[in-house]
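Enquirer: I have a structure I would like to understand better, so I am pasting it below and will then ask my questions one at a time.
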């Protein structure tokens with residue numbers, strides 16, 4: 001998307017009149033454009049005022065239902081800053097830190113399989129994801145691997161054969177060259193499966209079905225990702 | 001579509017106002033930190049404060065009253081669940097709540113309707129104009145009068161683009177189709193219209 005296109009989306013974005021892909025792209029842009037963030041903040045408050053007009057007393061049963069449900073509903077803690085999660089090299093300390101950091105990142109991150117964002121998410125998908133991470137982190141056969149990323153940053157993997165799942169955390173990545181993005185791969189024999197794109201900074205990706213995987217790889221690809229990894233990889237983590 | 005509010009009987013102590021203008025009554029900003037610490041009574045107060053406006057908005061976007069109840073419940077439970085994430089630095093408590101509400105309503109509209117339903121909704125939207133429909137149902141509170149006036153100060157295309165999107169839950173592409181306008185034009189009208197509303201309402205952040 002060109003710079004002109006992106007800025008023009010501000011109104012539609014604030015009105016929720018964009019699709020998920022456009023929303024993701026614009027949210028990514030907001031993270032790197034201070035002026036846009038200010039404008040979106042103001043236009044967002046403006047759009048909220050539109051909700052002043054419709055007004056309808058809900059049925060009494062709704063009040064009962066809501067109060068009943070909240071009495072059974074756990075609340076989340078305050079948000080934790082998520083950029084650049086530090087990954088110490090000792091596995092045990094990493095697990096404790098990562099459990100807290102991952103919970104915060106998961107709570108903030110979106111559910112899309114191909115996007116890495118800090119944004120609001122559907123409640124159920126979020127809870128499922130948080131549960132999966134917790135089970136993974138506490139699985140008796142959980143293993144931890146880490147590797148440096150060429151030009152900066154780290155990729156870490158917690159994997160469990162019994163959970164058949166891995167959590168891949170990237171942190172401290174250098175900005176990709178203009179027009180490029182990092183892409184994550186799971187490799188088994190000759191089969192390379194793309195599992196996510198990372199713009200910059202940090203992110204957490206859950207990967208299912210890693211039981212037979214040999215390797216998690218990170219490559220630099222043109223923006224939007226590729227069907228096959230561009231070699232050489234900027235990082236790889238051997239799983240076997 | 002004229003929507004008569006159901007059950008005009010008010011709970012004791014609560015007025016028709018969704019946002020209190022009497023000093024001494026708690027605001028969303030004051031209630032949310034208490035709610036974040038698990039204060040269910042504070043949440044009940046917030047419910048009485050915002051539920052008619054939340055339900056009104058969601059009802060307007062979804063039209064189906066049963067779904068509107070469901071989504072309203074989801075939104076208010078989400079407010080409870082994530083109250084600790086509300087950060088006064090980033091805006092008002094009311095704005096936070098209604099941002100969640102609108103997003104949920106639009107997500108539900110987009111996901112729950114079969115494409116044939118959606119086309120029918122779009123066709124219906126060209127007949128009943130969302131702006132007039134919403135304005136007629138509103139009562140004469142100061143905030144509402146202000147929003148009505150500022151919406152009235154937009155060009156017709158700006159107003160229609162914004163109201164079709166906000167109250168109709170339409171994407172900008174759908175709005176472009178409905179209004180027979182080009183995509184860049186609709187994007188621009190939405191943005192310019194909101195900027196004009198912002199200036200008219202005197203909104204500043206931070």
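Enquirer: State whether the residues of the stretch A:38-51 include one that is closer than 20 Å to residue B:108 by Cα, over 27 Å from the mean Cα position of the chain (by Cα) and not in a helix (DSSP H, G or I).
Expert: no
Enquirer: Answer yes if at least one residue in the stretch A:111-124 is closer than 27 Å to residue A:232 by Cβ and either touching a strand residue (DSSP E or B) at 6+ places or on another chain (Cβ under 6 Å) or modelled with pLDDT of 80 or more (or both), and no otherwise.
Expert: Quick first cut of the stretch A:111-124, residues closer than 27 Å to residue A:232 by Cβ only: A:113-116.
Cutting the leftovers down to either touching a strand residue (DSSP E or B) at 6+ places or on another chain (Cβ under 6 Å) or modelled with pLDDT of 80 or more (or both) gives us A:114, A:116.
Yes, that holds for at least one residue.
Enquirer: Looking only at the stretch B:67-95, filter to residues that are touching a residue at least 60 places away in the same chain (Cβ under 8 Å) and more than 9 Å from chain A (Cβ to nearest Cβ); which one of those is surrounded by the fewest Cβ atoms within 10 Å (Cβ to Cβ)?
Expert: By that ranking, first place goes to B:89.
Enquirer: Right, next: Is it true that residue A:15 is within 9 Å of chain B (Cβ to nearest Cβ), surrounded by 23 or more Cβ atoms within 10 Å (Cβ to Cβ) and within 30 Å of residue A:179 (Cα to Cα)? Let's see the steps before the verdict.
Expert: On the way: within 9 Å of chain B (Cβ to nearest Cβ): yes; surrounded by 23 or more Cβ atoms within 10 Å (Cβ to Cβ): yes; within 30 Å of residue A:179 (Cα to Cα): yes.
Considered against the rule, which asks whether it is within 9 Å of chain B (Cβ to nearest Cβ), surrounded by 23 or more Cβ atoms within 10 Å (Cβ to Cβ) and within 30 Å of residue A:179 (Cα to Cα), residue A:15 comes out as yes.
Enquirer: Sticking with this structure for a sec: For the stretch B:33-58, enumerate the residues that are in a helix (DSSP H, G or I) and more than 18 Å from residue A:48 (Cα to Cα).
Expert: Taking the stretch B:33-58 as the starting set, the residues that turn out to be in a helix (DSSP H, G or I) are B:33-36, B:40-58.
Those that are in a helix (DSSP H, G or I) and more than 18 Å from residue A:48 (Cα to Cα): B:33, B:34, B:35, B:36, B:40, B:41, B:42, B:43, B:44, B:45, B:48.
Enquirer: So, in the stretch B:32-65, of the ones that are surrounded by fewer than 19 Cβ atoms within 10 Å (Cβ to Cβ) and within 7 Å of chain A (Cβ to nearest Cβ), which residue ends up nearest to the chain's Cα centre (by Cα)?
Expert: The extreme case among them is B:44.
Enquirer: Taking only the stretch B:160-199 into account, find how many residues are surrounded by fewer than 21 Cβ atoms within 10 Å (Cβ to Cβ), more than 8 Å from chain A (Cβ to nearest Cβ) and within 22 Å of residue B:98 (Cα to Cα).
Expert: Going through the stretch B:160-199 one residue at a time, the tally reaches 2.
The values are calculated or read from the model by the stated rules, or taken from the named source; none is laboratory data. What you see is a predicted model, and the numbers here were worked out from it, not measured in a lab. Quick reminder, even Gly has a Cβ in these numbers, built from the backbone with ideal geometry, and neighbours come from all protein chains shown.
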